[in-house]
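Single-structure report; data block below.
Read-outs throughout are calculated quantities, based only on the coordinates presented, and are distinct from any laboratory measurement. Every value quoted in this text rests on a predicted model; they were computed, and no experiment measured them. Ideal geometry is used to build each Cβ from the backbone, glycine not excepted, and the neighbour counts take in all protein chains shown.
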Amino acid sequence: MADPKKQEYYRKNKEKRLKYQHEWYARNKEMFVRKDEILQVTDPEEWERKRKKKKEYNRKYYLKNRERILANQRARYGANKA
């Protein structure tokens, strides 16, 4: 059984956590890209394996969350158009 205090804490701090995660990724994105470039040069087979794994993960995620993703895109498009 989940602890109600923990659930309440994470529910209350969801926006802060998401903001922190977004900022962290933005700060470290170049590092990920650079590591990927280095791997592509040093070990092409490993790079290809990781690329395929990432591609398959993204595909499954999109198929699972398609409705939510498209709804967000429609909302963003409507907000930009107005």
Query raised in the report: Dipole of the chain, Cα-centred, from +1 at each Lys and Arg C-beta and -1 at each Asp and Glu C-beta, to the nearest 20 debye?
Result: 520
Requested in this report: Please express the Cα-Cα pair-distance distribution P(r) of the chain as a list of whole percents, one per 5 Å bin, running from 0 to the bin with the greatest distance.
Outcome: 3, 11, 9, 12, 19, 18, 14, 9, 5, 1
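Could you tell me the convex hull volume per residue, in Å³, taken over the Cα atoms of region 1-42?
83
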Query raised in the report: Of N80, I38, N58, whose Cα points farthest to the positive end of the dipole of region 13-82 (charges on the beta-carbon: +1 Lys, Arg; -1 Asp, Glu; origin at the Cα centre)?
Result: N80
Query raised in the report: Using a cut-off of 26 Å between alpha-carbon atoms, which lysines can reach K50, once sequence neighbours fewer than 8 places away in the same chain are excluded?
Result: K29, K35, K60, K64
Requested in this report: Run the quick spin-label model on F32 and K81: label points 7 Å from Cα toward the beta carbon, then report their separation in nm to one decimal.
Outcome: 3.1
